[in-house]
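Worksheet: one structure, shown below.
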């Protein structure tokens with residue numbers, strides 16, 4: 001069978017069934033006294049419903065072939081994203097959150113689906129700053145400080 005949606009639906013259904021059984025193993029509990037597997041169990045059932053709807057549509061109407069899903073993939077951009085994320089992970093401890101996140105955001109904004117510099121610079125600096133303020137100041141989560149000690 002060359003129906004990509006059918007295979008995708010089957011894969012999601014298998015994962016969903018696994019999540020349901022994992023939730024049951026941890027103990028579902030009750031609504032007023034949920035166990036540790038409560039959320040897993042119900043999310044697994046929801047995933048089952050969604051994957052069954054994908055399967056039904058694939059059986060009824062068919063779908064694209066597996067090969068057509070990879071057609072016209074922009075591999076250069078995928079590699080740029082992977083390289084940027086690896087560099088971010090390697091530099092996070094040394095440079096700190098802000099000094100590592102700002103160049104990553106600028107790279108993503110300019111190299112993937114380029115936006116003008118007048119948009120990239122405020123967003124590339126503002127988004128990491130807003131996230132830093134939310135995590136560090138509001139939620140009191142410790143982030144790597146890095147060179148300048150502001151991370």
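The values are calculated or read from the model by the stated rules, or taken from the named source; none is laboratory data. Computed from a predicted structure; not experimentally measured. Neighbour counts run over all protein chains shown; Cβ positions are idealised from the backbone, glycine included.
Inside segment 124-147, residues that are in contact with a helix residue (DSSP H, G or I) (Cβ under 7 Å, 6 or more places away or on another chain) and either in a loop (DSSP other than H, G, I, E, B) or crowded, with 16+ Cβ neighbours inside 10 Å (or both) make up a count of 8. With respect to the conditions (1) out of contact with any helix residue (DSSP H, G or I) (no Cβ under 7 Å at 6 or more places or on another chain); (2) under 30 Å from residue 124 (Cα atoms); (3) without any contact (Cβ under 8 Å) to a residue 12 or more places away in the chain; (4) assigned to a helix (DSSP H, G or I), residue 14 falls short on a single one, namely (2).
Of all residues in segment 76-91, those that are over 21 Å from residue 144 (Cα atoms) and either under 19 Å from the mean Cα position of the chain (by Cα) or not in a helix (DSSP H, G or I) (or both) total 6. Does residue 94 satisfy the condition of being part of a helix (DSSP H, G or I), more than 22 Å from the chain's Cα centre (by Cα) and farther than 30 Å from residue 19 by Cα? Answer is yes for this residue.
A quick yes/no check of all residues on (1) over 28 Å from residue 135 (Cβ atoms); (2) loosely packed, with under 12 Cβ neighbours inside 10 Å:
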| site | (1), (2) |
| --- | --- |
| 33 | yes, yes |
| 41 | yes, no |
| 76 | yes, yes |
| 82 | no, yes |
| 88 | no, no |
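Restricting segment 52-71 to residues that are loosely packed, with under 13 Cβ neighbours inside 10 Å and modelled with pLDDT of 80 or more leaves a set whose member that is nearest to residue 6 (Cα to Cα) is 56.
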